[in-house]
1. Per residue of B:250-257, count partner chain C-beta atoms within 10 Å of its C-beta, then hand back the mean as an integer.
2. For segment A:16-140, state the semi-axes of the equivalent ellipsoid (square roots of 5 times the eigenvalues of the alpha-carbon gyration tensor), sorted largest first and rounded to whole angstrom.
3. Of B:74, B:53, B:18, which is farthest along the charge dipole of segment B:3-78 in the positive direction, counting Lys and Arg as +1 and Asp and Glu as -1 at C-beta?
4. On a C-alpha basis, how far is the centre of segment A:283-315 from the centre of segment A:87-122 in Å? Whole number, if you could?
5. Counting Lys and Arg as +1 and Asp and Glu as -1, each charge on the Cβ, what is the dipole of the protein assembly as shown about the Cα centre in debye, to the nearest 20?
6. Given the C-alpha centroids of segment B:325-370 and segment B:215-239, what is the distance between them in whole angstrom?
7. Return the distance in nm (one decimal) between the two label points of a simple spin-label model at residue B:261 and residue A:186, each offset 7 Å from Cα along Cα→Cβ.
8. Short version: ³J(HN,Hα) in whole Hz for each residue of segment B:42-55, in order, from phi by Karplus 6.51 cos²θ - 1.76 cosθ + 1.60 (θ = phi - 60°), x for Gly and Pro, what are they?
Number of protein chains: 2
Amino acid sequence: MVPIARGTSRDIRVANRFEVLRHIIAGSTVSRQRIAAETGLSLATVSNLIGELLEADVLVEVGFEDSSGGRPRGLVSVNPAGGVLVGVDVAETYVHVELFDTALSLLASVEEELHPEENRPAQVVGHIVSGVRAVLARGGAAPRRILGAGISVPGQVDRGGGVSVFAPNWNWHDIPLRGLLADGLSMPLYLDNPLRAAVVAELWFGAGRGREDVIVLNLGTGVGAGLAFRGSLYRGATNSAGEWGHTTLVLDGRPCHCGGRGCVETYVGAPGIMQHLRELDPDSPMLRAGDQTATIDALAAGVRAGDPVAAKVIGETARYLGVAIANVINLANPEAIVLSSWVAARLGEPLLDEVRAVVSRHALRHPLAAIDITLSELVGDPVSLGAATLALEGFLSAIGTRAAHLHR
Amino acid sequence: MVPIARGTSRDIRVANRFEVLRHIIAGSTVSRQRIAAETGLSLATVSNLIGELLEADVLVEVGFEDSSGGRPRGLVSVNPAGGVLVGVDVAETYVHVELFDTALSLLASVEEELHPEENRPAQVVGHIVSGVRAVLARGGAAPRRILGAGISVPGQVDRGGGVSVFAPNWNWHDIPLRGLLADGLSMPLYLDNPLRAAVVAELWFGAGRGREDVIVLNLGTGVGAGLAFRGSLYRGATNSAGEWGHTTLVLDGRPCHCGGRGCVETYVGAPGIMQHLRELDPDSPMLRAGDQTATIDALAAGVRAGDPVAAKVIGETARYLGVAIANVINLANPEAIVLSSWVAARLGEPLLDEVRAVVSRHALRHPLAAIDITLSELVGDPVSLGAATLALEGFLSAIGTRAAHLHR
């Protein structure tokens, strides 16, 4: 049984629209015939969907190719003048804003620092608005159509209502972010969280391309999983899926800010890694109290320099992380697991090597044989890219409805 | 994005065929108009799909209903003479075989005991063949068309190849079961495992009806999860998903036969529960060495009788089971979790009550608010029912292809 059984013909149409555009972005300049062959859709369906995307100015006709004896085939490509998309990655320490064309090529980026005390909604909203205005100015996008802005904020998000339901590190509860942002930003706004944004970015542009079941593990201050099953983002019943960081790995283990004990996050999040270091060598010069980024950087440098304490910390982190990854593999049997976010990027290959070794001892033979564990190879900030992609998906969903024309 | 994007028009057609039949089974006697309203499919699509199912003798026309002024509406129902389906649940200690009509109503059942030493493939195959023949004789199905037999065997299954890839308790590796069975059974054979069968049964007939994201936890000698996401069975990349029993709950905990330590199964499978009892009271009269079923029965009776040791064993089991369930809730955010198989059935409400209390302390607030944890309410053996349902799905998939006509 394939899941569309519960969908309507409109769901199918929107899904196929995404799929066609994804193939055009991947292939750059392609014929309807090739898209039909690649997607398994009929040529009539592909032609129809491409017609809609041409009408919406997302695509342009760019010429013809020979078809060995048949009629020349019309080629289409993403329309570079079709509009721009904004992707915003709001984290505890920064607001990162990127501007993209409709092929999701980067046009400009801006980063605003967030000081730890600047965590009131009005302050964060102020940084988002100024960041988006700055990136639009820098990208020279003023005369171009803005298809939408995707905004990723940490924690639980009600994307339909545009509300930050719960952001644990800021203690936000039920903040109507979209409403607050709408005063400063007149474009369609799509709210979501970094787990969803990161996995969408990998699905469209990274390790998830052409794959069905992909899990992105975001390793930062907090940790969590973005899940894609059967080629599309899986959100769960209430858009809360992916709280891998708050699954118990060590019953009655380290206390966690969620109220539990022994959560994965307490061993493999940046503060957990700092605690491994503290337990191994409380006086280590690599330990920068209160500065996670500097400590992780020092550990990465230590490993490169052959420091035995740094190597032990990586080994200890990998011991927990590998078992926690094996749990995900045994439960979900994905094709790929991608390690993303800043801790994964900084600790890189040395961590990955040890993680793979631990996983090979803890995952069952059959799911293990199917898995590919990698670091994210996306250039730039995957969360901004994914947030912009979610905005593009939102725009594509609205084609043919009134909403799509409101901002033209 | 809905996942059908990767599917072909044939996948959509097969999925919709399932969905239409599922609604007809649920509604008993219904009009095309009502199916269209319930599924969101167009009336033309529904009429077309029902035409195919009528042609395949799965449905019959059963009369008309008034439509307040319009033309009378034709009613269809499942054809009780349309054929029969066989569902086989092969476990370590029995082979349970059930016969169903195409509405999955039970016609007859047979159980053959398996002695622990009778675990060579030829012996198990012998019991399956004799069980299927016996149930067909008992059900008087000889003159009726046999649409197929679904056969659930423990462990890892390659259903395409019809091979038991690995059955841990029998130490089977790569046994070509379908080939061995084909000598004795001339009907289409669909091989799978009890995790998949149980969740399909719940989706069609139990707690999963009308729900999208459902997880069935089979609690027996071994434990595992059947996963349904977006209304359909989720198999993972290599049909290995659901090995929840082999996720680590207690790092460096009890040794597990999989080679790991601290796996969920070692605390909540029947042998793990026996170990809780042994640790609490090694001389307990409830402890029946070597007999899991008798011990679990004695515990269930002990709880009913107010025995404090039995209550402590249930509490200890619930402590591990509740955290392991909270892990699944936090990761996958399902709407429902169903506790199935014989240990869940025997320990019942007393275990469920304590599990719910533990889950409420360990699951995060938002996924917790969405979850409904229940015991399976399916009458009879859910695995046989699910196996027969998988055979029905196989038959429906083949309509319009040559395979569907081979066995008419």
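The values are calculated or read from the model by the stated rules, or taken from the named source; none is laboratory data. None of these values were measured; they are calculated from a predicted model. Counting neighbours? That spans all protein chains shown, and the Cβs are built from the backbone with ideal geometry, glycine included. Keep in mind that these areas ignore ligands, DNA and RNA; they rest on the heavy atoms of the full protein, side chains included. Shrake-Rupley method; radii C 1.70, N 1.55, O 1.52, S 1.80 Å.
1. Details: counts 7, 11, 3, 2, 0, 0, 0, 0.
Average per residue, whole number: 3.
2. Values: eigenvalues 322, 37, 22 Å².
Rounded to whole Å, the semi-axes are 40, 14, 11.
3. Result: B:18.
4. Centre-to-centre distance over Cα atoms comes out at 28 Å.
5. Values: 68 positive and 86 negative charges, 388 e Å.
Roughly 1860 debye for the protein assembly as shown.
6. That distance is 15 Å.
7. Placing both labels 7 Å along Cα→Cβ, they lie 6.5 nm apart.
8. So the J values, rounded to whole Hz, are 6, 4, 5, 5, 4, 4, 5, 5, 5, x, 4, 5, 5, 4.
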